[in-house]
Each structure stands twice: as structure tokens, then as C-alpha cells.
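Trainee: One structure, pasted below without further comment.
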Amino acid sequence: MIIGWIGLGNMGIPMASNLLAAGYDVRVWNRTPGKAAPLVALGAKETATLSELVAQSDVLFTMVSDDDAVKAIYSGSDGLLSLPVQDKLAVDMSTISPDTSRFIAEQAKQAGLRFLDAPVSGSVGPAKEGKLVIMVGGELADYEIAKPMLDKLGKAAFYLGPNGAGTSAKLAINLLLGITVQGVSETLLFARSLGIGTEQMLDIISESAVGTPLIRGKAASILADDYPAAFALKHMAKDLRLANEAGVSTPLAESVNATYRHALEEGLGELDLMALLRHLGGK
Ligand code: NAP
């Protein structure tokens, strides 16, 4: 079984590393060359073109930015679906809209390519540790083929039903992520306005019932006011926009969607999503 991995961003690199560490034969390709070195050092083979990668692989994984990127990779003029992909399996782990997942799945079916949507919850840390949470839509038989590989990438995989079910669950869990980061930011700012220091407030939150690994993981970044992207704010804004387009219109969903959009407009998109605190007035 040869794996072809497409997309070597913040998530793609650690995820493909785990497949290599598990002993899989992995080929890699990225739109922008020059990003494969850490994987080549672990034994991956980089192909010069997408078509070479497809020709050499049985199972294709895609981990790219957004709907446009997935459409370009699959349906673009020289995309996957223009290549001989009959009887191969593609697993798209990007966070995109359920409509696009279903659209790609339908096109893939016509090309004889089996297709799963399998987005992940968990950022770069869990990706490195192989502890992502994976939500899968597609045919159960295809999920069973992918499962041993998904088990190397995550601590839990959930089979949820037909194509689009994985991306639907992902938009729901990321709504909670967006709300949580805005909630923590507002809590820290409120505490500060009352004279309670950020370090102490972070300790209090961590010890409380609402403390989470997420908040503990962001503490150093918050205290240093330094936000290198683990999960870029632009991707969080995208996920909340997708949730909105998929029909969520509850009060907090409306609010976070607007807040992240404004942070994006302020130019914070390339920073980690926790830079929302800076946008809301915290330094
Ligand atoms: P990233 O670091 O921004 O990397 C994006 C990748 O997509 C790069 O390999 C990029 O290639 C590729 N790409 C973008 N547009 C493309 C196009 N039109 N054609 C081909 N390739 C294209 O993103 P990431 O953080 O790895 O996230 C990837 C996906 O996982 C996103 O959907 C994100 O929402 C989701 N996700 C991220 C996290 C996280 O914590 N980072 C957690 C859960 C889910 P180039 O190098 O050529 O630009």
C-alpha cells in the first residue's frame, strides 16, 4: 500500500510524518515546492508533479487550506480527477463545506475514485502526537480501508455516515472552538479591567471546571503576546463562515463569526487564532 500525501502545511507535515513513522511508504507533493525536506529526511519520496504522485500511490490524502484549494486539487484542469484514479481511495482531511465534500465525492464517483471526507479536530500539537480526532463521511467499506492509517494520525476516528457528514461534524466542533477562544479572551480582558493579572486568571481558569487543554496550551503565547500560527486565525474565520453558510444562526455563532471576520480585516489572519485577544484589545 503506497500513500500519496498532498498538502505540506502546518498540519500536513506532522501528519505525514506519523504515517512514515508507522512504516508506510509515503510519496509527497505540495503546490509550492521546497516544503518536503523534513519528510524526505524521514524516508518520504517527493514527486515533481501531482500526476507522478497519483501514478505511484494507492491511497491519496489531501490536507489543504479551504474549498478553493480542494476544488483546485481534485477538479482543476490538471487536478486529481483528470488523472487515472480508477479504484484508488482519496481521503480529504481539509476543513471545507459539506456541500463541497459532497460535490467532490460525486465527481470522484464518476471518475471511479472512492472518496472520504475526514477532517480533524486538534492542532499541530495533537497532529505531531498522532492524537487528532477524525470525523469521517463516505462509504463504510472505504472507511474500513482507511482506518488503520487514520489510527496512526488520531486517537479517535468517528464514522458518521455519507459524504459531507465528516465536514458537518467538523464545522460543529469548530464552532465550539471559536466560541471558546473568544470566551477566554473576553474573560481575560474583563479580569484585567478589574485588576486581576492575566497569569493568575489563566491559572484560575485552568483549575476551574471550564479549564481545557486548549487554554493551557495557549497560555505561553498569551503571556508573551506572541502568536505564531498553530491554527491560523484565517482558517478559524473560514470555518465560522462555512458554519454560517451551512445554516447556523444562533446568537454566539453570529457573534463569533463577526468577531473573527473583523480580526481578519485587521490583518491578523496569519497569526494563531488566539491573536483574537489582541484584536479585542488585549496586549
Ligand atoms: P496551512 O499551513 O495554511 O497549509 C495549507 C496547505 O494548503 C499548503 O500545503 C498549501 O500549499 C495548500 N494549498 C492552499 N491552496 C492551495 C491550492 N489552491 N492548490 C493546492 N494547494 C493549496 O494550513 P494547515 O494549518 O495545515 O490546515 C490545513 C487544513 O486543516 C485547513 O483546512 C484547516 O482549516 C484544517 N485544520 C487546521 C488545523 C490547525 O491547527 N492548523 C487544525 C484542524 C484542521 P502551498 O504551500 O503551496 O501554499
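Trainee: G23: more than 20 Å from I145 (Cα to Cα) and not assigned by TED's automatic domain parsing to the domain that holds M236, yes or no? Reasoning before the result, please.
Mentor: Values: more than 20 Å from I145 (Cα to Cα): no; not assigned by TED's automatic domain parsing to the domain that holds M236: yes.
The answer is no for G23.
Trainee: Can you find even one residue in segment 10-17 that is touching a helix residue (DSSP H, G or I) at 6+ places or on another chain (Cβ under 6 Å), assigned to a loop (DSSP other than H, G, I, E, B) and away from the ligand (no atom under 14 Å from the Cβ)?
Mentor: No, segment 10-17 has no match at all.
Trainee: Restricting to segment 188-213, and then to whatever is small (G, A, S), within 31 Å of the chain's Cα centre (by Cα) and surrounded by 14 or more Cβ atoms within 10 Å (Cβ to Cβ), can you tell me which residue is nearest to A224 (Cα to Cα)?
Mentor: Let us first name the residues in segment 188-213 that are small (G, A, S), namely 191, 193, 195, 197, 206, 208-209, 211.
The next check asks that each one be within 31 Å of the chain's Cα centre (by Cα); those that pass are 206, 208-209, 211.
Then keep just the ones that are surrounded by 14 or more Cβ atoms within 10 Å (Cβ to Cβ); that gives 206, 211.
Working: S206: 18, G211: 20 Å.
Filtering first and then ranking leaves S206.
Trainee: Does A172 fit the bill of being within 24 Å of M93 (Cβ to Cβ), small (G, A, S), open to solvent by 20 Å² or more (accessible area, probe 1.4 Å) and within 14 Å of the ligand (Cβ to nearest atom)? Give the steps one after another, and end with the answer.
Mentor: Numbers: within 24 Å of M93 (Cβ to Cβ): yes; small (G, A, S): yes; open to solvent by 20 Å² or more (accessible area, probe 1.4 Å): yes; within 14 Å of the ligand (Cβ to nearest atom): yes.
Here the answer is yes, as A172 does meet what is asked.
Trainee: Let me ask you something else. Which of (1) crowded, with 16+ Cβ neighbours inside 10 Å; (2) among the polar types (S, T, N, Q); (3) under 23 Å from D272 (Cβ atoms) does T47 not meet, given it meets every other one?
Mentor: All conditions are met except number (3).
Trainee: Within segment 23-34, is there a residue that is part of a helix (DSSP H, G or I) and either among the β-branched types (V, I, T) or more than 16 Å from G4 (Cβ to Cβ) (or both)?
Mentor: The first filter runs over segment 23-34 and keeps only residues part of a helix (DSSP H, G or I), leaving none.
No, segment 23-34 contains no residue that is part of a helix (DSSP H, G or I) and either among the β-branched types (V, I, T) or more than 16 Å from G4 (Cβ to Cβ) (or both).
Trainee: Which of the following residues is at pLDDT below 95, more than 16 Å from N163 (Cβ to Cβ) and in the same structural domain as L132 (by TED's automatic domain parsing): S77, S57, S51?
Mentor: Numbers: S57 fails: at pLDDT below 95; S51 fails: at pLDDT below 95.
Result: S77 is the single residue among S77, S57, S51 that is at pLDDT below 95, more than 16 Å from N163 (Cβ to Cβ) and in the same structural domain as L132 (by TED's automatic domain parsing).
Trainee: Looking at (1) away from the ligand (no atom under 15 Å from the Cβ); (2) under 22 Å from S82 (Cα atoms); (3) open to solvent by less than 50 Å² (accessible area, probe 1.4 Å), can you tell me which one N30 breaks?
Mentor: Just one mismatch for N30, condition (1).
Trainee: Are any residues in segment 50-65 open to solvent by 50 Å² or more (accessible area, probe 1.4 Å) and in contact (Cβ under 8 Å) with a residue 40 or more places away in the chain, and if so, which ones?
Mentor: Of all residues in segment 50-65, those open to solvent by 50 Å² or more (accessible area, probe 1.4 Å) come to 51-52, 55-56, 58, 65.
Answer for segment 50-65, where residues must be open to solvent by 50 Å² or more (accessible area, probe 1.4 Å) and in contact (Cβ under 8 Å) with a residue 40 or more places away in the chain: Q56, D58, S65.
Trainee: Right, next: Could you tell me whether A220 is closer than 30 Å to I145 by Cβ, open to solvent by 10 Å² or more (accessible area, probe 1.4 Å) and either of a type outside the set (A, V, I, L, M, F, W, C) or at pLDDT 95 or above (or both)? Lay out the reasoning, then the answer.
Mentor: Working: closer than 30 Å to I145 by Cβ: no; open to solvent by 10 Å² or more (accessible area, probe 1.4 Å): yes; either of a type outside the set (A, V, I, L, M, F, W, C) or at pLDDT 95 or above (or both): yes.
No.
Trainee: In addition: Only one of these is of a type in the set (A, V, I, L, M), modelled with pLDDT of 95 or more, outside the structural domain of T250 (by TED's automatic domain parsing) and open to solvent by 30 Å² or more (accessible area, probe 1.4 Å): I145, I179. Name it. Before you say what the answer is, go through the steps one by one.
Mentor: Values: I179 fails: outside the structural domain of T250 (by TED's automatic domain parsing).
Of the residues listed, the single one that is of a type in the set (A, V, I, L, M), modelled with pLDDT of 95 or more, outside the structural domain of T250 (by TED's automatic domain parsing) and open to solvent by 30 Å² or more (accessible area, probe 1.4 Å) is I145.
Trainee: D67 - would you say it is acidic (D, E) and farther than 27 Å from L42 by Cβ?
Mentor: Working: acidic (D, E): yes; farther than 27 Å from L42 by Cβ: yes.
Judged against the criteria, D67 is a match.
The values are calculated or read from the model by the stated rules, or taken from the named source; none is laboratory data. Only a predicted model underlies this, so the values are computations on that prediction, with no experimental measurement involved. Here the Cβ is made from the backbone with ideal geometry for all residues, glycine too, and neighbour counts use every protein chain on show. Just the protein is used for accessible areas: all its heavy atoms, side chains included, with ligands, DNA and RNA removed. Shrake-Rupley method; radii C 1.70, N 1.55, O 1.52, S 1.80 Å.
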